[in-house]
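Novice: Take a look at the following structure, please.
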């Protein structure tokens, strides 16, 4: 196995952008009952755009203000007015979020509606801590104690989705959000798929290439189909490893990926081994996620009982 070095850890909590920092004095909180309820009565006229939060899977995400409830939300506008495939994926994304409303580790869905342009808008919970990608860039590497919480919460979310035959297909640091209450939630279902049953094989190859499992990246070698549930587990293992070492772990630090280097790293090279600072439990957990053969990877339910996840994380 290739040995990778770890950047020096920084155990601070994620720091919000200056415009997002809260004052030190107490502010009255909006009662939970005044949050937008899951319904389709909300329109764009009910919302005030505040700032662009980012871009992802054919859409733009805005921080918005819901006037009726005085609540800050996230609004994803998917630009699919003239593209049938993009429009269909947007409707599937909204449908999946609606189905996952009761999962505490998937971003809350409030409403979806079509714009006059034909674009699809999805109104969701606003996570004020941003993504794990941002937290890594701002605060440095994650300690194992923090990763226990991340792993457990994301696995809970994936287990819920997989039980409903939903595969995410784009798990990565940018698609896992946090807030100042310490919650960890999965977002961005733009390339996700609803399977008809648990044994159905996937044939969708959209998503972020760098985090694809070997059977997704090199589809020809697997007959054009793969186990989507196992693919999510690979992506989670790679995500946790990146958060621990501080850079994309399948390449050298600072190396820019391209198709050829990713093909070699994902499909032919040995999975990376963790630095000596990693505990045996964490080392084994990552190994269980990054098995080259999808049939050998642990399921989300098995991983939820892994000794690494069953640790009691320290307060940080």
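Novice: Scan the range 119-132 for residues that are within 17 Å of residue 60 (Cβ to Cβ) and not in a strand (DSSP E or B) and jot them down.
Specialist: Of everything in the range 119-132, those that are within 17 Å of residue 60 (Cβ to Cβ) and not in a strand (DSSP E or B) turn out to be 119, 126, 127, 130.
Novice: Related question: With respect to residue 260, determine if the residue is surrounded by 15 or more Cβ atoms within 10 Å (Cβ to Cβ) and either on the phi > 0 side of the Ramachandran plot or part of a helix (DSSP H, G or I) (or both).
Specialist: When the stated conditions are applied, residue 260 does not pass them.
Novice: Separate question: Within the range 263-316, track down each residue that is closer than 24 Å to residue 162 by Cβ and touching a strand residue (DSSP E or B) at 6+ places or on another chain (Cβ under 7 Å).
Specialist: Selection gives 294 alone.
Novice: Right, something else. If we keep just the residues of the range 195-214 that are at pLDDT 90 or above and closer than 19 Å to residue 162 by Cα, which is farthest from the chain's Cα centre (by Cα)?
Specialist: Within the range 195-214, the match that is farthest from the chain's Cα centre (by Cα) is 213.
Novice: Quick one: is residue 175 modelled with pLDDT of 90 or more, within 22 Å of residue 59 (Cβ to Cβ) and out of contact with any helix residue (DSSP H, G or I) (no Cβ under 9 Å at 6 or more places or on another chain)?
Specialist: no
Novice: Follow-up. Can you name every residue in the range 296-311 that is outside any helix (DSSP H, G or I) and touching a helix residue (DSSP H, G or I) at 6+ places or on another chain (Cβ under 9 Å)?
Specialist: Those that are outside any helix (DSSP H, G or I) and touching a helix residue (DSSP H, G or I) at 6+ places or on another chain (Cβ under 9 Å): 297, 298, 299, 304, 306, 307, 308, 309, 310, 311.
Novice: Could you go through the range 181-193 and let me know if any residue there is surrounded by fewer than 16 Cβ atoms within 10 Å (Cβ to Cβ) and out of contact with any helix residue (DSSP H, G or I) (no Cβ under 9 Å at 6 or more places or on another chain).
Specialist: Yes: one or more hits.
Novice: Tell me yes or no: at least one residue of the range 159-168 is in contact with a strand residue (DSSP E or B) (Cβ under 8 Å, 6 or more places away or on another chain), without any contact (Cβ under 8 Å) to a residue 60 or more places away in the chain and more than 23 Å from residue 92 (Cα to Cα).
Specialist: For the range 159-168, residues in contact with a strand residue (DSSP E or B) (Cβ under 8 Å, 6 or more places away or on another chain), without any contact (Cβ under 8 Å) to a residue 60 or more places away in the chain and more than 23 Å from residue 92 (Cα to Cα): absent.
Novice: Which of the residues belonging to the range 90-118 are surrounded by fewer than 22 Cβ atoms within 10 Å (Cβ to Cβ) and not in a loop (DSSP other than H, G, I, E, B)?
Specialist: Hits for the range 90-118 are 91, 92, 95, 96, 98, 99, 113, 114.
Novice: Has the range 136-143 got any residue that is in contact with a helix residue (DSSP H, G or I) (Cβ under 7 Å, 6 or more places away or on another chain), assigned by TED's automatic domain parsing to the domain that holds residue 189 and within 22 Å of residue 156 (Cβ to Cβ)?
Specialist: Taking every residue of the range 136-143 in turn, at least one turns out to be in contact with a helix residue (DSSP H, G or I) (Cβ under 7 Å, 6 or more places away or on another chain), assigned by TED's automatic domain parsing to the domain that holds residue 189 and within 22 Å of residue 156 (Cβ to Cβ).
Novice: Regarding residue 108, is this residue modelled with pLDDT under 95, within 19 Å of residue 153 (Cα to Cα), out of contact with any helix residue (DSSP H, G or I) (no Cβ under 7 Å at 6 or more places or on another chain) and outside the structural domain of residue 178 (by TED's automatic domain parsing)?
Specialist: So residue 108 fails the test.
Novice: Right, something else. For the range 263-277, what are the residues that are surrounded by fewer than 19 Cβ atoms within 10 Å (Cβ to Cβ) and touching a residue at least 24 places away in the same chain (Cβ under 8 Å)?
Specialist: Passing the criteria: 263, 267, 269, 270, 273, 275, 277.
Novice: Among the residues of the range 228-260, write down those that are modelled with pLDDT under 90 and within 16 Å of the chain's Cα centre (by Cα).
Specialist: Matches in the range 228-260: 228 only.
Novice: A further question on this structure: Identify the single condition in (1) outside any loop (DSSP other than H, G, I, E, B); (2) at pLDDT 95 or above; (3) surrounded by fewer than 18 Cβ atoms within 10 Å (Cβ to Cβ); (4) not assigned by TED's automatic domain parsing to the domain that holds residue 191 that residue 74 does not satisfy, given that it satisfies every other one.
Specialist: (3)
The values are calculated or read from the model by the stated rules, or taken from the named source; none is laboratory data. Every value quoted in this text rests on a predicted model; they were computed, and no experiment measured them. Glycine also receives a Cβ, built like all others from the backbone with ideal geometry; neighbour counts cover every protein chain displayed.
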